[in-house]
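Taken together, the values in this text are just the output of simple stated rules run on the coordinates, not laboratory data. As the structure is a computational prediction, the values presented were derived from the model and not from experiment. Methodologically, a virtual Cβ is constructed for each residue, glycine included, from the backbone with ideal geometry; neighbour enumeration extends over all protein chains shown.
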Amino acid sequence: MSASAQVGTSVKPDPRELIARRAAKELRDGFYVNLGIGIPTMVANYVDPGIEVILQSENGMLGVGPYPIAGEEDPDLINAGKETISELAGTSYFSSADSFAMIRGGHIHLSILGALEVDREGNLANWMVPGKMVKGMGGAMDLVASARRVIVAMEHATRRGEPKILDACRLPLTGTKVVETIITELAVIRVTPAGLVLEEIAPDTTVDEVRRLTGTALIVRQPLPSIVV
Amino acid sequence: MNKVVESFDEAVADIPDGATIMLGGFGLCGIPENLIAALVKKNVRSLHTISNNVGVDGFGMGPILEAGMIASHIGSYVGENKLLEEMVIAGKLNLTLIPQGTLAERIRAGGAGIPAFYTPAGVGTIVAEGKEVRDFDGRLYLLEHGLTADFALIKAWRGDRLGNLVYRKTARNFNPMMATAARCTIAEVEELVEPGALDPDAVATPGIYVQRILLGAHYDKRIERRTTRPFEAEVSR
């Protein structure tokens, strides 16, 4: 948390920004990374300027650049969220088949996605709520099945304060045993064979509060470091 | 050899009711706008469509849907189309959602003469229901079948009368695979040039896959989500 965010008032930084900032620390120089829609897209804003990371967009692009300056939007240049973007020196374009061949082939180092639910086995549900309109899974099932690492970046609980990290997902799954790490505004949690391990905690919360908002047992790492962003 | 067709009406004239049609594009990017308009005008019925998305209200595949021309659809993401929801619930449209990479590869396989393949996407999910699951080296995969179509309606940036096509940026997406997977591929382009004008190294769809080609007089190219950054913004990447 930057000093300026605390000056004068008790205004907390946007939890979504905190999640994106912490998730950005998982990136390493040379990584090819696919970012999902929402908080994961924000991760691109916080990449350490000392490393070079190449972003993949599954609609057929490597080297995704920032949003264009107003007036320079190109309808032929969008990301997988259908947002206008820009290209960089070194960008390449390819078909959807080539795009998913590089995903399926295990060439993507890291996939960061949002979630509706994650459970202690690393099962992920993020595409469908029965009884509501089915939008479709898009590329999420392909990404979680084949990226080398899958990180979920999401708010810890629902808006009503109900846990999203559970013993077992209740919603239809996107993938089974695919999530390696969960990053929220409260915690960094690793999925391990022994169960979910609380590895880092936000400075402004407690283990009891994290447990209250988590629907499954947490193993607490000792000593427990604070999340640094 | 001249694959150039003079009008969009002529290009779609022999598409019958009940045809299986692939439509290129991702969202509204790289869609065959003029061919879609001609298809709607012809009012073909009971179509089986294969396309990643189904457009938006009033644009892209939206008007095909609104005209009640679609009997079944295979895609990966259908967004928040209220009408589609109503039609699916009312049993008027049979919707099959499949993972996007599986869709892309099924089309690629269909065009490449590969009847089926194994993929890990969807293992352990409802996508796996009714499909063969096989273990290769300790990892599970689903058997998925290739897809083909009667017609593919695709969009490229530039093309020549032999059907060679060059795409532009992310407007390529599903167009090249669909070109290979249909008995009759109809390509519309923004620039129709003479053979020799395209850089042979840049041709992404060789003409063998294209049966008809024509010049689109006008392109709307609507933007689904217009996102920009302030002029002064620091670019962190």
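Among beta bridges identified by DSSP and lying wholly in chain A, the antiparallel ones come to about 50 percent.
The distance from the alpha carbon centre of the stretch A:188-216 to that of the stretch A:114-157 is 19 Å, rounded to a whole number. Under a Gaussian network description of chain A, with springs only between Cα atoms under 10 Å, the residue in A:V188, A:V152, A:V134 that fluctuates furthest is A:V134. In this structure, the amide hydrogen of B:T205, modeled 1.01 Å from its nitrogen in the peptide plane, lies closer than 5 angstrom to those of B:L165, counting only residues at least 5 positions away or on a different chain. Using a simple spin-label model with pseudo-atoms 7 Å out from Cα toward Cβ, B:D9 and A:D208 lie 7.8 nm apart. Remark on A:T181: its backbone amide H falls under 5 Å from those of A:V150, A:V152, A:V191, a criterion applied only to residues 5 or more positions apart or on other chains, H modelled at 1.01 Å from N.
Once the Cβ-Cβ distance of B:Y118 and A:K25 is raised to the sixth power relative to R0 = 45 Å, the FRET efficiency obtained is 0.80. If you run the Gaussian network model on chain A, springs between alpha carbon atoms under 10 Å, then out of A:E121, A:E26, A:E199 the most flexible one is A:E26. Listed from fewest to most Cβ neighbours within 10 Å, the set B:K82, B:K221, A:K12 follows the order B:K82, A:K12, B:K221.
Do you know the relative contact order of the stretch B:1-156, to the nearest whole percent, from alpha carbon pairs under 8 angstrom that are 6+ apart?
Numbers: 270 pairs, mean separation 35.7, N = 156.
It comes to 23 percent, rounded to a whole number.
For B:I213, nonlocal amide neighbours, meaning residues 5 or more places apart or on other chains whose placed amide H falls under 5 Å from its own, are B:V4, B:V5, B:A187. Cross-link partners for B:K92 among the aspartates and glutamates, with Cα-Cα distance under 20 Å and sequence neighbours closer than 8 places in the same chain left out: B:D17, B:D57, B:E66, B:E80.
By the count of other C-beta atoms within 10 Å, a proxy for reagent exposure, B:V123, A:V178, A:V144, B:V4 are ordered fewest to most as B:V4, B:V123, A:V178, A:V144.
Net charge around A:G195, counting only other residues with Cβ within less than 11 Å of its Cβ (Lys, Arg = +1; Asp, Glu = -1)? The partial results should precede the final answer.
Values: positive: A:R120, A:R190; negative: A:D119, A:E121, A:D167.
Net local charge, A:G195 excluded: -1.
Shown in residue order for the stretch A:58-72 are the 3J(HN,Hα) couplings computed by the Karplus curve 6.51 cos²θ - 1.76 cosθ + 1.60 at θ = phi - 60°: 5, 7, x, 8, 10, x, 6, x, x, 4, x, 5, 3, x, 10 Hz (x for Gly and Pro). Between A:K132 and B:D199, the distance separating the two model label sites (each 7 Å from Cα on the Cα→Cβ line) works out to 4.6 nm.
So what is the relative contact order for the stretch A:1-150, in percent, with contacts set as C-alpha pairs under 8 Å and at least six apart? Intermediate results must be reported in sequence, preceding the final value.
Working: 222 pairs, mean separation 30.6, N = 150.
Relative contact order comes out at 20 percent.
Backbone N atoms of the stretch B:99-124 closer than 11 Å to the 7 Å Cα→Cβ label point of B:L143 belong to residues B:116-118. What the phi angles of the stretch B:74-79 give under the Karplus curve with 6.51, -1.76 and 1.60, with θ = phi - 60°, is a coupling list of 10, x, 10, 8, 10, x Hz, glycine and proline written as x.
Taking each residue as 0.36 nm, the span from B:A67 to B:K92 lengthens on full extension beyond its C-alpha to C-alpha distance by 7.8 nm. Out of B:M87, B:M61, B:M22, any idea which swings most in a Gaussian network model of chain B, alpha carbons joined below 10 Å? Result: B:M87 has the largest fluctuation of those listed. Once C-alpha pairs closer than 8 Å and six or more residues apart are averaged by separation and normalised to the residue number of the stretch A:98-229, the relative contact order reads 25 percent.
Residues B:C29, B:C184, A:C169 in ascending order of nearby Cβ atoms (within 10 Å, fewest first): B:C184, A:C169, B:C29. Excluding residues on the same chain fewer than 8 positions from B:K169, give the lysines whose Cα lies under 19 Å from its Cα. Within the straight-line limit of under 19 Å, B:K169 reaches these lysines: A:K82, B:K155, B:K221.
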